[in-house]
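Every number in this text was worked out from the coordinates using simple rules, so none of it is lab data. As the structure is a computational prediction, the values presented were derived from the model and not from experiment. Cβ: placed from backbone, ideal geometry, glycine included. Neighbour counts: every protein chain shown.
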Amino acid sequence: MTRFIYASTSSVYGLSDGPEVTDIGTWALGIGITIVVISSVIFMTVYLGLVRQAPLRASAVISVDKPMRLHEDVQCLNMRRAVFLDRDGVINRVVVRTGRPFPPASVRDVEFLPGAAEAIEALRRADFRIIVVTNQPDVATGLQRRETVEAIHARLRASFPIDDIKVCYHADQDGCPCRKPKPGLLFEAAAQWSLDLSQSVIVGDRWRDIEAGKAAGCKTILVRGGYAERQAERPDAVVASLLEASRVILSNGFTGVEVVT
Ligand SMILES: [Mg+2]
Ligand SMILES: [Zn+2]
């Protein structure tokens with residue numbers, strides 16, 4: 001472009017003499033310089049503006065403007081967090097005999113606790129996987145049939161937006177890795193659902209739930225049951241119900257990551 005303009009200018013000079021030629025030459029040179037300047041400005045604007053500064057603007061969004069929100073957005077897409085819910089005494093009412101809680105004997109006896117549905121739906125909307133983790137040792141000891149437990153779980157799945165239900169059917173003497181306070185059920189779910197356990201929470205009504213959560217590196221919330229048994233030690237929060245637990249979880253800062261609801 002530039003070379004063409006100069007060539008034209010030279011040829012104009014070469015063809016004739018006099019003031020007119022000088023005028024044409026000056027005019028052509030002026031046009032040439034103007035075109036070069038405008039081209040340079042356009043180039044600088046387009047190249048430096050779009051190519052060079054765009055990544056700078058993007059990194060400003062990541063590191064300065066709202067880093068937590070960006071992290072949150074990534075997590076929402078992958079759903080790597082979970083709320084692990086103990087079943088008896090958290091989702092459904094327990095039968096308390098001599099100060100100790102017992103599970104419902106049949107599907108007919110299952111009574112969901114007030115606010116359970118509201119809590120589970122709110123947590124699921126906030127992109128927590130909802131995973132029930134429950135010890136059902138009565139199956140090992142012969143007091144309960146596995147089919148009955150499975151029928152109760154079918155009703156749970158039909159009633160709430162639950163992603164998964166992990167069950168330990170063993171008793172203490174089986175020495176399995178899944179009976180809470182062992183964290184096996186949580187590890188199994190974490191592997192299956194690609195969960196970040198450090199960003200996950202367990203809600204339970206007994207010391208076994210809290211210990212399992214701690215062993216897995218989760219945050220722990222105790223739903224006060226007031227049972228006459230060993231007490232849970234130092235849960236991250238103590239609440240009266242699953243609904244209250246959901247409010248704690250959804251309050252900013254509890255899991256270390258901002259929650260967008
Ligand atoms: Mg329980
Ligand atoms: Zn087990």
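For the stretch 108-214, what is the relative contact order in percent, using Cα pairs closer than 8 Å and at least 6 residues apart in sequence? Mind dumping the intermediate values first?
Numbers: 110 pairs, mean separation 25.8, N = 107.
Value for the stretch 108-214: 24 percent.
Once the other residues with Cβ under 9 Å from the Cβ of residue 137 are scored (Lys, Arg +1; Asp, Glu -1), what is the net sum? Numbers along the way, then the final one.
Details: positive: 179; negative: 138, 172, 174.
Taking every Cβ under 9 Å from that of residue 137, the sum is -2.
Quick check: the distance between the Cα centres of the stretch 98-138 and the stretch 185-200, to the nearest angstrom?
Going from one Cα centre to the other spans 19 Å.
For residue 230 and residue 109, what does the FRET efficiency come to when R0 = 30 Å and r is the distance between their Cβ atoms, rounded to the nearest 0.05? Present the calculation step by step, with values, prior to reporting the outcome.
On the way: r = 26 Å, r/R0 = 0.86.
Result of the calculation: an efficiency of 0.70.
Check residue 129: other-chain or 5+ apart residues with amide H under 5 Å from its amide H, H built from backbone geometry?
81, 82, 83
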